[in-house]
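Peer 1: Quick one: the structure is below, and I'll ask about it shortly.
Any read-out appearing in this document is the output of simple, stated calculations on the displayed coordinates, not a laboratory observation. Values in this document were obtained by computation on a predicted structure and should not be read as measured data. Here the Cβ positions follow ideal geometry from the backbone for every residue, glycine too, while neighbour counts run over all protein chains shown.
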Amino acid sequence: MKTKILRALRESSEYISGQHLCDQFQVSRTAVWKAIEQLKREGYHIEAVRSKGYRLIESPDIISRAEIKSMMETRWAGQEVCYYDKTDSTNIQAKLGGENGAAHGTLFVADRQEAGRGRRGRSWESPRGVCIYMTILLRPDIEPSKAPMLTLVMALSVAEGIREQTGLAAEIKWPNDIILNKKKVCGILTEMSTEIEYINYVVTGVGINTNQERFSEEIKERATSLFIEGGSCVSRSRLIASVMKRYEENYGTFMRTKDLSGLYERYNSLLVNLNRDVRILETQGEYEAYARGINKKGELIVTTADGKEKHIFAGEVSVRGIYGYV
């Protein structure tokens, strides 16, 4: 009920009478009043005028189940939200959801993580109240070998969502880091549970540095936030909804072909590595090459110094710029 009332207030520029809300949602005046009072306690500035009704004046940067769901414009992605004020990590909670029968498209969101992780088990700083930590649970009918491409689908969706909501020129560092001004603003981690021939579930976690004003000395040279780059606070819930909308569309394109043939041109248009010299870091050593973009499998196509073309598969391989992170 609170979600429905919040959505109605947000979508109207005029006052909405309490009776209208009662009639629209088939509830009592008392139920409407209680929902309004709860929203006020959560920080929403709602004006109440006798004989006119209620009007939403200001929404703080709140993430909650009601706030996120009131923003969603999707059919299945993020239509079910599991929200935590604090948790170990949204990927861990999503995997538990996967084991316990949570539906395809369920979104797990936290205001703070205590055990956030990046690639290869690296820790991910997870302060309260300023970042986005979310994981979507999927049950795709694809071969397990194709699941890593879903990470690139999410990377494209996050970059597009950031561009849509902030106007900032977010780019992708292959395969799945989101970059602003040559610094990392978002990391993405995909994990899955599989049998030999089929997938039980896939979880893709996203951590976006949203409204931080500063970073520790250890990472400030390679990390940034939307606030630092844009100069203003970003609504986390609105950005979550935007990313989910883009993801639902991009996932649908991916599932029609079971590869990136319908997405790789858009992905390449945002690829910070495109047509640049890069350093390929493999377990057996490293070498320099020239990046030419990804193919429909999500592999990075490079030309080595001796003129040979190689297709690099994301996994134990990292890519760096010749003179820095990108």
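Peer 1: Considering only C-alpha atoms, what is the centroid distance from segment 42-75 to segment 12-31, in Å?
Peer 2: 14 Å
Peer 1: In nm, what is the difference between 0.36 nm times the number of residues separating residue 266 and residue 253 and their Cα-Cα distance?
Peer 2: Working: separation 13, 0.36 × 13 = 4.68 nm, distance 1.21 nm.
Here the segment from residue 266 to residue 253 would lengthen by 3.5 nm.
Peer 1: Residue-wise, which Karplus ³J(HN,Hα) couplings in Hz belong to segment 197-212, taking 6.51 cos²θ - 1.76 cosθ + 1.60, θ = phi - 60°, and x for glycine or proline?
Peer 2: Working through the residues one at a time gives 10, 8, 9, 6, 6, 10, 10, 10, x, 10, x, 10, 6, 9, 10, 5 Hz.
Peer 1: Considering the zone a paramagnetic label at residue 52 would reach in this model (a point 7 Å from Cα along the Cα-to-Cβ line), which residues of segment 1-43 have amide N under 11 Å from it?
Peer 2: What the label zone holds, given the 11 Å backbone N cut-off, is 14-16.
Peer 1: Taking H placed 1.01 Å from N in the peptide plane, check which residues at least 5 places from residue 174 or on another chain put their amide H under 5 Å from its amide H.
Peer 2: Here the answer is 272, 273, since their amide H atoms fall under 5 Å of that of residue 174.
Peer 1: Which residues among segment 220-256 fall inside the zone where the amide N is under 19 Å from a point 7 Å beyond the Cα of residue 141, along Cα→Cβ?
Peer 2: 248-256
Peer 1: Okay, next question. Taking the Cβ of residue 143 as the centre, find all other residues whose Cβ is under 10 Å away and add up their charges (Lys, Arg: +1; Asp, Glu: -1).
Peer 2: On the way: positive: 146, 258; negative: 141, 197.
Neighbourhood net charge equals 0.
Peer 1: Between beta-carbons, use under 11 Å as the cut-off and find the net charge around residue 70, counting Lys and Arg +1, Asp and Glu -1.
Peer 2: Numbers: positive: 2, 4, 7, 10, 65, 69, 238; negative: 11, 67, 73.
Taking every Cβ under 11 Å from that of residue 70, the sum is +4.
Peer 1: Could you line up 198, 54 from fewest to most neighbouring Cβ atoms inside 10 Å? The partial results should precede the final answer.
Peer 2: Details: 198 11, 54 23.
The most exposed by this proxy come first: 198, 54.
Peer 1: Based on other C-beta atoms within 10 Å, arrange 277, 177, 141 from fewest to most.
Peer 2: Sorted ascending by nearby Cβ count, the order is 141, 277, 177.
Peer 1: Can I ask one more? What percent does the relative contact order of segment 170-219 come to when contacts are Cα pairs within less than 8 Å and at least six residues apart? Working shown, then result.
Peer 2: Details: 57 pairs, mean separation 12.2, N = 50.
The normalised contact order for segment 170-219 reaches 24 percent.
Peer 1: For residue 4, project a label point 7 Å along Cα to C-beta. Then give me every residue of segment 33-55 with its amide nitrogen under 18 Å of that point.
Peer 2: Flagged as within label range: 33-39, 54.
Peer 1: Follow-up. If a/c stays under 1.5 just call it rounded; otherwise compare a/b with b/c (prolate if a/b is bigger, oblate if not). Do that for segment 2-58, with a ≥ b ≥ c from the square roots of the Cα gyration tensor eigenvalues.
Peer 2: Because its axes are fairly even, with a/c under 1.5, segment 2-58 counts as rounded.
Peer 1: Okay, moving on. Taking +1 at the Cβ of each Lys and Arg and -1 at the Cβ of each Asp and Glu, which of 9, 102, 187 sits farthest along the dipole of the chain towards its positive end, judged by Cα position relative to the Cα centre?
Peer 2: Result: 9, furthest along the dipole toward the positive end.
Peer 1: With the cut-off at 30 Å, tell me which of the pairs 182/245; 69/95; 95/146; 40/95; 245/296; 40/183 have Cα atoms farther apart than that. Walk me through the intermediate numbers first.
Peer 2: Values: 182/245 26 Å; 69/95 21 Å; 95/146 19 Å; 40/95 34 Å; 245/296 22 Å; 40/183 37 Å.
From 182/245; 69/95; 95/146; 40/95; 245/296; 40/183, over 30 Å: 40/95; 40/183.
Peer 1: ³J(HN,Hα) across segment 154-170 via Karplus (A = 6.51, B = -1.76, C = 1.60, θ = phi - 60°), whole Hz, x for Gly/Pro?
Peer 2: 5, 4, 4, 5, 5, 4, 5, x, 5, 4, 5, 8, 10, x, 6, 7, 5
Peer 1: Let me ask another. Over what distance in Å are the Cα centres of segment 251-316 and segment 182-223 separated?
Peer 2: The distance from the Cα centre of segment 251-316 to that of segment 182-223 comes to 19 Å.
Peer 1: Same structure again: Between residue 33 and residue 288, what length comes free when the chain is fully extended (0.36 nm per residue of separation minus the Cα-Cα distance, one decimal in nm)? Mind dumping the intermediate values first?
Peer 2: Values: separation 255, 0.36 × 255 = 91.80 nm, distance 6.44 nm.
Length gained between residue 33 and residue 288: 85.4 nm.
Peer 1: Given the rule -39500 (n - 2.57) for each run of at least 4 DSSP H residues, summed and divided by the residues of the chain, what is its mean residue ellipticity at 222 nm, to the nearest 500 deg cm²/dmol? Spell out each step's value before the answer.
Peer 2: On the way: 9 runs with 99 residues, N = 326.
Value at 222 nm, helices only, nearest 500: -9000 deg cm²/dmol.
Peer 1: Output the relative contact order of the chain, whole-number percent, from Cα pairs under 8 angstrom with separation of 6+ residues. Don't skip to the answer; put the middle values down first.
Peer 2: Values: 654 pairs, mean separation 44.1, N = 326.
Relative CO of the chain lands at 14 percent.
Peer 1: Given R₀ = 22 Å, FRET efficiency for residue 65-residue 99 by Cβ-Cβ distance, to 0.05?
Peer 2: On the way: r = 21 Å, r/R0 = 0.97.
The calculated FRET efficiency here is 0.55.
Peer 1: Using Cβ counts within 10 Å as a stand-in for footprinting exposure, how do 32, 185, 49, 272 rank, fewest first?
Peer 2: Details: 32 23, 185 26, 49 10, 272 20.
Ascending number of Cβ neighbours within 10 Å: 49, 272, 32, 185.
Peer 1: Also: Taking P(r) over Cα pairs in 20 Å bins from 0, in percent straight from the coordinates, which label in (1) 32, 61, 7; (2) 31, 50, 15, 4, 1; (3) 30, 54, 15, 2 is the correct one?
Peer 2: The value computed from this structure is option (3).
Peer 1: Another question about this same structure. Can you compute the charge dipole magnitude of the chain about its Cα centre, using +1 on each Lys and Arg Cβ and -1 on each Asp and Glu Cβ, nothing else charged? Give it in debye, rounded to the nearest 20. Intermediate values should be presented prior to the final figure.
Peer 2: Numbers: 47 positive and 43 negative charges, 152 e Å.
Dipole size: approximately 720 debye.
Peer 1: To continue, here is another question. Sequence-distant or interchain residues sharing an amide H contact under 5 Å with residue 105, placed H: which?
Peer 2: 137, 138, 139
Peer 1: Can you give me the long-range amide H partners of residue 130? Hydrogens built in the peptide plane at 1.01 Å from N, cutoff under 5 Å, separation of 5 or more residues or another chain.
Peer 2: none
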